[in-house]
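Student: Attaching a single structure in structure tokens format; questions to follow.
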Amino acid sequence: MNFPVRCFLLLLLSMFAGVCPRAMLSTPQCIAADTLEVKAWLDNALPDLLEVYQYLHVHPEVSFQEEQTASYLAQAWRQAGFAVTERVGGFGIVGILKNGAGPTVMLRTDLDALPVTEATGLAYASRATVVTETGATSGIMHACGHDIHMANLIGVARFLAANRKSWSGTLMLIGQPAEERGAGARAMLDDGLFQRFPKPDYALALHCESATATGKVAVSPGYSLANVDSVDIIVRGKGGHGSAPESTIDPIVQAAELIMALQTIVSREVKPSEPAVVTVGSIHGGTKHNIIGDDCHLQLTVRSYSDEVRKLVLSAIKRKAIAVAQSFDAPEPELTFSEGTPALKNDAQLTERVVSSFRAALGSDNVLPMAPVMGGEDFSQYGLAGVPIVMYRLGVVTQSRLDRFQSLGVSPPSLHSAYFYPDPDEALRTGVMTMVSATLDLMAP
């Protein structure tokens, strides 16, 4: 008897005899049996999940303003049978479903969109707008795939709530605000997330990946995403007429020297085996051709993985800024360090277990290794709070579209691009299957 037929017959036996198939199957066999059940469920459930996805795509909200998005998810989770608490750390939501003895597993989605004007041309493209902190009006778009994340978790919640015979323990769903600002996880933790609710034994999340084909997932063992720090430096000088530079302390020249000095931190102070990035993304100074101003403003993004390298680089930035000012006999510069997001490190043991469940659900060829990237993700905060975590990457662009981009000699639109859009049907199928499989493995009766 071939294996899929055997799994199907065992599932039938469990339905009529009240016997859990996990008692009769090994873990990989059981995950394969679960996969058959999820696939059958998705055939009926997917049309509604696609409507959910399109609704969320059309109604994006930026960080710290996710009120309607949170309310929509809260209602969906309540309808599935979860006890939901709203306004945890801002517009964060927590859904709890208790189902006997067993571990607590946390599944997280982010809620916020980006101030990006959508240019995909989709029939359901977002036309929402927002007034930014600078006073400008911008479009709003789920350019990072958080709409897929939310629709996926609604699907996972519905399946697990309807199939409680297959798992035991406490399921904890998190709708987290302000991920794009690196602030939502910390806000929920500061609001007593793990005191007011059960502290998870494991936590899982997925993230869209625009360069990986649908039907596939990718996992980075160990460090997956970087420490992210923003640094503002105001270089002080002494203004005057451009024709008499000897009577001034030119902050523009000082800033130029500092920019070059900053580029030696990674190349000459950090071990070549330790990745790090120092990028000056913005420089503003001066008002007119013949005026030397009083100051110049630099904005930096700094990336690293280890705490040691993070501290070394930030300390070196301050040291070099002060040293350059002293060399010009200039006032001490003003440095502000902000928006720090710690590196995301996948738990080794949990990663191994999750990857095993993915391989059983999708086949080994569809579970890919992924090199760490220098992007940031505040899902890392839950790991620092003492919870074993894994974030994996979900392929969201069909292979045919990726082949088309390759034939044209262009890269697929990246996340945060106004032209990025996923193929939701295929993406949600894989997202629900993998997250359900990993959860059922962790919460096996």
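Student: Quick check on my filter: what residues within the range 308-333 are under 25 Å from residue 186 (Cβ atoms) and either touching a strand residue (DSSP E or B) at 6+ places or on another chain (Cβ under 8 Å) or surrounded by 16 or more Cβ atoms within 10 Å (Cβ to Cβ) (or both)?
Tutor: Initial filter on the range 308-333 (under 25 Å from residue 186 (Cβ atoms)): 308-315, 317-318.
Answer for the range 308-333, where residues must be under 25 Å from residue 186 (Cβ atoms) and either touching a strand residue (DSSP E or B) at 6+ places or on another chain (Cβ under 8 Å) or surrounded by 16 or more Cβ atoms within 10 Å (Cβ to Cβ) (or both): 309, 310, 312, 313, 314, 317, 318.
Student: Just wondering, is there one or more residues in the range 55-77 that are assigned to a helix (DSSP H, G or I), modelled with pLDDT of 95 or more, more than 25 Å from the chain's Cα centre (by Cα) and in the same structural domain as residue 430 (by TED's automatic domain parsing)?
Tutor: Of all residues in the range 55-77, those assigned to a helix (DSSP H, G or I) come to 55-58, 67-77.
From what's left, modelled with pLDDT of 95 or more: 55-58, 67-77.
After this cut, where a residue has to be more than 25 Å from the chain's Cα centre (by Cα) as well, the list is none.
No; the residues of the range 55-77 include none that is assigned to a helix (DSSP H, G or I), modelled with pLDDT of 95 or more, more than 25 Å from the chain's Cα centre (by Cα) and in the same structural domain as residue 430 (by TED's automatic domain parsing).
Student: Checking residue 59 against (1) of a type outside the set (Ser, Thr, Tyr); (2) free of Cβ contacts under 8 Å to residues at least 60 places away in the same chain; (3) surrounded by fewer than 21 Cβ atoms within 10 Å (Cβ to Cβ), which single condition isn't satisfied?
Tutor: (2)
Student: Something else: Counting only residues that are surrounded by fewer than 18 Cβ atoms within 10 Å (Cβ to Cβ) and either in contact with a Gly (Cβ under 9 Å, 6 or more places away or on another chain) or at positive phi (or both), how many does the range 218-239 have?
Tutor: 3
Student: Could I ask something else about it? Restricting attention to the range 112-122, does a residue exist that is surrounded by fewer than 16 Cβ atoms within 10 Å (Cβ to Cβ), in contact (Cβ under 8 Å) with a residue 12 or more places away in the chain and over 30 Å from residue 136 (Cβ atoms)?
Tutor: Checking the range 112-122: not a single residue is surrounded by fewer than 16 Cβ atoms within 10 Å (Cβ to Cβ), in contact (Cβ under 8 Å) with a residue 12 or more places away in the chain and over 30 Å from residue 136 (Cβ atoms).
Student: Would you confirm whether or not the range 318-333 contains a residue that is under 28 Å from the mean Cα position of the chain (by Cα) and not assigned by TED's automatic domain parsing to the domain that holds residue 383? Walk me through it before giving the result.
Tutor: Kept after step one, since they are under 28 Å from the mean Cα position of the chain (by Cα), are these residues of the range 318-333: none.
No - not one qualifying residue is present in the range 318-333.
Student: Further question: Kindly list the number of the only condition in (1) outside any strand (DSSP E or B); (2) without any contact (Cβ under 8 Å) to a residue 24 or more places away in the chain; (3) under 28 Å from the mean Cα position of the chain (by Cα) that fails for residue 288.
Tutor: Only one criterion in (1) outside any strand (DSSP E or B); (2) without any contact (Cβ under 8 Å) to a residue 24 or more places away in the chain; (3) under 28 Å from the mean Cα position of the chain (by Cα) is unmet by residue 288, namely (3).
Student: Evaluate the range 176-197: report whether one residue or more is touching a strand residue (DSSP E or B) at 6+ places or on another chain (Cβ under 6 Å), over 23 Å from residue 300 (Cα atoms) and in a strand (DSSP E or B).
Tutor: Yes.
Student: Filter the range 124-142 down to residues that are in contact with an Asp or Glu (Cβ under 9 Å, 6 or more places away or on another chain) and assigned to a strand (DSSP E or B) and give me whichever is farthest from residue 422 (Cα to Cα). Reasoning before the result, please.
Tutor: Keep residues of the range 124-142 that are in contact with an Asp or Glu (Cβ under 9 Å, 6 or more places away or on another chain), which gives 125-128, 130, 139-142.
Subset that is assigned to a strand (DSSP E or B): 130, 139, 141.
Working: 130: 23, 139: 19, 141: 13 Å.
So, considering only residues that are in contact with an Asp or Glu (Cβ under 9 Å, 6 or more places away or on another chain) and assigned to a strand (DSSP E or B), the one farthest from residue 422 (Cα to Cα) is 130.
Student: Any chance you could count how many residues in the range 234-288 are in contact with a Lys or Arg (Cβ under 6 Å, 6 or more places away or on another chain) and over 29 Å from residue 374 (Cβ atoms)?
Tutor: Within the range 234-288, residues that are in contact with a Lys or Arg (Cβ under 6 Å, 6 or more places away or on another chain) and over 29 Å from residue 374 (Cβ atoms) number 2.
Student: Related question: Contact list please: Cβ distance under 8 Å, first residue in the range 237-260 and closer than 22 Å to residue 281 by Cβ, second residue of a type in the set (Asp, Glu), pairs at least six apart or on different chains.
Tutor: Filtered contacts from the range 237-260: 237/250; 237/294; 237/295; 251/294; 251/295.
Student: Would you say residue 422 is crowded, with 17+ Cβ neighbours inside 10 Å, at pLDDT 95 or above, assigned by TED's automatic domain parsing to the domain that holds residue 173 and closer than 30 Å to residue 273 by Cα? Lay out the reasoning, then the answer.
Tutor: Numbers: crowded, with 17+ Cβ neighbours inside 10 Å: yes; at pLDDT 95 or above: yes; assigned by TED's automatic domain parsing to the domain that holds residue 173: yes; closer than 30 Å to residue 273 by Cα: no.
Against the criterion (crowded, with 17+ Cβ neighbours inside 10 Å, at pLDDT 95 or above, assigned by TED's automatic domain parsing to the domain that holds residue 173 and closer than 30 Å to residue 273 by Cα), residue 422 does not qualify.
Student: If only one of 368, 402, 335 is in contact with a helix residue (DSSP H, G or I) (Cβ under 9 Å, 6 or more places away or on another chain), outside any loop (DSSP other than H, G, I, E, B) and over 21 Å from residue 275 (Cα atoms), which one is it?
Tutor: Values: 368 fails: in contact with a helix residue (DSSP H, G or I) (Cβ under 9 Å, 6 or more places away or on another chain); 402 fails: in contact with a helix residue (DSSP H, G or I) (Cβ under 9 Å, 6 or more places away or on another chain).
Criteria check complete, one pass: 335.
The values are calculated or read from the model by the stated rules, or taken from the named source; none is laboratory data. Worth saying up front: this structure is predicted, and the values here are computed from it rather than measured. Positions of Cβ are generated from backbone atoms using ideal geometry, with glycine treated the same way; all protein chains shown enter the neighbour counts.
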